[in-house]
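Participant: Can you keep this structure in mind? I'll have questions shortly.
The values are calculated or read from the model by the stated rules, or taken from the named source; none is laboratory data. Every value quoted in this text rests on a predicted model; they were computed, and no experiment measured them. Positions of Cβ are backbone-derived with ideal geometry, glycine not excepted, and every protein chain shown enters the neighbour counts.
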Amino acid sequence: MTVTFLGAVRTVTGSMHLVETGDTRLLLDCGLFQGRRADARRINSEFPFPPSSIDAVLLSHAHLDHCGNLPTLVRQGFGGKILCTPATRDLAALILRDSAEIQHQDVNFANKARARQGQPPLQPLYTIDDAEQAIRRLRPVPYHQTFQVGPATGVFYDAGHILGSAVTVLTVEGRTIVFSGDLGRTAAPIIRDPEFPPAADLLIMEATYGDRRHEPFERGGRKLADVVRGTVRRGGTILIPAFAVGRTQDITYTLHRLQDGGKIPAVPTFVDSPMATDATAIFRQHPEVFDAETLARLSRGDPFGGRDIRYVRSVEESKELNARHDPFIVVATSGMCESGRILHHLRHHVGDPQSSLVFVAFQAADTLGRRLVDGVTPVRIFDESYEVRLQVHRIESYSAHADRDELVAWVGRMPRVGQICLVHGEEQQCMALARHLGRRGIKTIVPQRGQRVTV
């Protein structure tokens with residue numbers, strides 16, 4: 001059995017790894033690479049294998065950087081099943097439809113500017129029909145239920161990252177691969193803590209935050225409250241870019257608690273994303289993955305709602321938000337400011353020094369979000385240049401990724417680990433975690449893109 005590392009290798013986005021055993025070829029994830037637009041277009045549209053040669057995809061969870069390139073895979077010839085948990089199936093359907101629609105909208109908007117500049121029009125990476133074709137191939141498998149793909153036996157464990165996220169365990173002839181996917185944190189809001197898988201000959205583990213420790217969740221709530229209070233006093237607007245799945249629910253859950261506890265004023269709050277609205281409905285449909293505290297809150301009311309939290313679907317209502325003159329909060333996709341309605345709000349408020357932009361998620365290299373976090377000005381939004389004058393804040397307490405100590409502790413709870421390959425982390429983070437694990441006597445490597453390992 002071999003593993004070839006093809007995506008999220010010494011970087012964070014575009015998760016994809018090829019497992020080969022006998023005549024069977026499996027993909028662990030098929031995510032979108034996000035970064036420089038020209039690089040992203042090339043990487044996402046060109047697979048290093050014939051898609052028709054893949055027998056099945058094992059999908060760890062429904063974030064775009066793990067599932068977002070499935071429509072391209074299907075369009076180019078993949079005809080197998082996409083195995084995932086039931087909650088991931090429901091969320092991935094939303095993610096893929098939304099991704100196709102956003103690509104269509106963003107290309108149309110960008111093409112208006114390109115036409116003015118005399119440049120040829122762009123085409124979306126995939127269409128809504130491509131997304132629907134991929135969705136039809138999703139097959140749900142509950143946690144702890146074994147499944148067979150060729151000679152390989154598989155099982156999903158709860159990764160505690162987002163609703164439905166899974167640690168994938170594959171066993172062939174007594175040899176076992178464990179793929180962490182994105183691993184969650186202990187004591188995170190809403191969902192249960194990560195489960196511990198069985199012994200592994202090869203552990204493919206994420207290293208997003210492999211060189212640092214996170215602040216406690218409670219401190220993040222205090223920081224968010226400080227930003228909201230200060231911005232409201234100035235009469236500004238609070239923009240919060242957030243992934244529609246997971247982070248949006250964490251933030252609405254926190255804002256609800258802060259408002260109920262009198263920590264922030266009763267300021268109008270808008271979740272400006274049809275997909276986040278639908279994703280929140282799916283959260284409500286899967287209480288089987290909630291932790292005890294969230295189940296208790298659910299019994300008393302909606303943990304994702306509140307009198308001042310409103311969910312926005314229509315484009316017209318979204319546009320109306322930027323005509324408001326009173327302070328308000330808007331939570332909108334995408335989390336790295338690469339697409340979606342957050343770009344329209346940014347274009348409107350980026351030059352307002354009274355307003356605040358609050359990042360509550362990791363910002364990958366070469367994304368607009370990373371440039372804003374790094375203090376770059378001017379920035380380009382929809383191919384036009386804007387000076388950055390609003391206040392930019394970064395709160396890392398809400399990360400849904402395990403930090404260095406949590407990753408090491410998780411490995412320590414496994415019965416045995418033969419070798420670890422670190423992925424889904426920038427090179428600095430991967431190397432730091434490899435050194436940390438190496439000092440504990442665990443053989444750890446940081447593969448290059450295209451590197452193959454035999455199990």
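Participant: From the set of residues in segment 366-389 that are of a type in the set (A, V, I, L, M) and crowded, with 21+ Cβ neighbours inside 10 Å, which is nearest to the chain's Cα centre (by Cα)?
Facilitator: Per the criteria, the residue is Leu368.
Participant: Gly441 fails exactly one of the following numbered conditions: (1) under 29 Å from Leu224 (Cα atoms); (2) loosely packed, with under 13 Cβ neighbours inside 10 Å; (3) of a type outside the set (S, T, N, Q). What is the number of that condition?
Facilitator: (1)
Participant: While we're looking at this one, here's another question. Restricting attention to segment 73-111, and to residues there that are part of a helix (DSSP H, G or I) and of a type in the set (Ser, Thr, Tyr), which single residue is farthest from His344 (Cα to Cα)?
Facilitator: Here the answer is Thr88.
Participant: Exactly one condition in (1) touching a helix residue (DSSP H, G or I) at 6+ places or on another chain (Cβ under 8 Å); (2) not small (Gly, Ala, Ser); (3) not in a loop (DSSP other than H, G, I, E, B) is not met by Pro189; state its number.
Facilitator: (3)
Participant: Kindly list, by first and then second residue, each pair from a residue in segment 387-416 that is under 30 Å from Gln354 (Cβ atoms) to a residue that is among the polar types (S, T, N, Q) and surrounded by fewer than 19 Cβ atoms within 10 Å (Cβ to Cβ), limited to pairs with Cβ atoms under 9 Å and residues at least 6 apart or on different chains.
Facilitator: Short answer, once both residue conditions are applied: Glu387/Thr377; Val388/Thr377; Arg389/Thr377; Leu390/Gln354; Gln391/Gln354.
Participant: Restricting to segment 26-79, name every residue that is surrounded by fewer than 15 Cβ atoms within 10 Å (Cβ to Cβ) and basic (Lys, Arg).
Facilitator: The answer is Arg36, Arg37, Arg41, Arg42.
Participant: Let me ask something else about it. So Gln76 fits all but one of (1) touching a His at 6+ places or on another chain (Cβ under 8 Å); (2) more than 21 Å from His401 (Cα to Cα); what number is the exception?
Facilitator: Failed condition: (1).
Participant: Now a separate question. It is to be established whether one or more residues within segment 209-225 are of a type in the set (Gly, Ala, Ser) and farther than 24 Å from Pro265 by Cβ.
Facilitator: Looking for residues that are of a type in the set (Gly, Ala, Ser) and farther than 24 Å from Pro265 by Cβ, one finds at least one in segment 209-225, hence yes.
Participant: Is it the case that Leu64 is touching a strand residue (DSSP E or B) at 6+ places or on another chain (Cβ under 8 Å) and within 24 Å of Thr4 (Cα to Cα)?
Facilitator: Taking the combined requirement at face value, the residue does not satisfy it.
Participant: When you look at Gln363, is it farther than 23 Å from Ser99 by Cα and surrounded by 13 or more Cβ atoms within 10 Å (Cβ to Cβ), yes or no?
Facilitator: Against the criterion (farther than 23 Å from Ser99 by Cα and surrounded by 13 or more Cβ atoms within 10 Å (Cβ to Cβ)), Gln363 does not qualify.
Participant: Quick check on my filter: what residues within segment 416-430 are in a helix (DSSP H, G or I) and closer than 23 Å to Val455 by Cβ?
Facilitator: Residue satisfying the conditions is Cys430 alone.
Participant: Find all pairs meeting these conditions: Cβ atoms under 6 angstrom apart; at least six residues apart or on different chains; first residue within segment 132-148 and free of Cβ contacts under 8 Å to residues at least 40 places away in the same chain; second residue buried (at least 16 other Cβ atoms within 10 Å of the Cβ) and in a strand (DSSP E or B).
Facilitator: Thr146/Val155
Participant: Inside segment 339-349, can you point out the residues that are surrounded by fewer than 22 Cβ atoms within 10 Å (Cβ to Cβ) and assigned to a loop (DSSP other than H, G, I, E, B)?
Facilitator: The answer is Ser339, and nothing else.
Participant: Please find, among Asp130, Asp158, the residue that is crowded, with 19+ Cβ neighbours inside 10 Å, within 22 Å of His17 (Cβ to Cβ), out of contact with any strand residue (DSSP E or B) (no Cβ under 6 Å at 6 or more places or on another chain) and modelled with pLDDT of 95 or more.
Facilitator: Asp158
Participant: Looking at the structure I just gave you, is Gly305 more than 21 Å from the chain's Cα centre (by Cα), in a loop (DSSP other than H, G, I, E, B) and either within 30 Å of Tyr157 (Cα to Cα) or among the acidic types (Asp, Glu) (or both)?
Facilitator: In short, yes.
Participant: Select from segment 258-274 the residues that are in contact with a helix residue (DSSP H, G or I) (Cβ under 7 Å, 6 or more places away or on another chain), outside any loop (DSSP other than H, G, I, E, B) and either modelled with pLDDT under 90 or more than 26 Å from His344 (Cα to Cα) (or both) and list them in ascending order.
Facilitator: Leu258
Participant: Moving to a separate point now. Being in contact with a Lys or Arg (Cβ under 9 Å, 6 or more places away or on another chain), of a type in the set (Val, Ile, Thr) and either more than 22 Å from Arg449 (Cβ to Cβ) or without any contact (Cβ under 8 Å) to a residue 12 or more places away in the chain (or both) narrows it down to one residue among Val57, Val74, Val9; which is it?
Facilitator: Val74
Participant: With respect to Thr277, determine if the residue is part of a helix (DSSP H, G or I) and either surrounded by 21 or more Cβ atoms within 10 Å (Cβ to Cβ) or in contact (Cβ under 8 Å) with a residue 40 or more places away in the chain (or both).
Facilitator: Against the criterion (part of a helix (DSSP H, G or I) and either surrounded by 21 or more Cβ atoms within 10 Å (Cβ to Cβ) or in contact (Cβ under 8 Å) with a residue 40 or more places away in the chain (or both)), Thr277 does not qualify.
Participant: Hey, does segment 350-358 have a residue that's surrounded by fewer than 14 Cβ atoms within 10 Å (Cβ to Cβ) and closer than 22 Å to Ala400 by Cα?
Facilitator: no
Participant: Which members of segment 1-54 meet the condition of being in a helix (DSSP H, G or I) and under 12 Å from Asn69 (Cα atoms)?
Facilitator: Once the filter is applied, which keeps residues that are in a helix (DSSP H, G or I) and under 12 Å from Asn69 (Cα atoms), segment 1-54 yields Ala40, Arg41, Ile43, Asn44, Ser45, Pro51.
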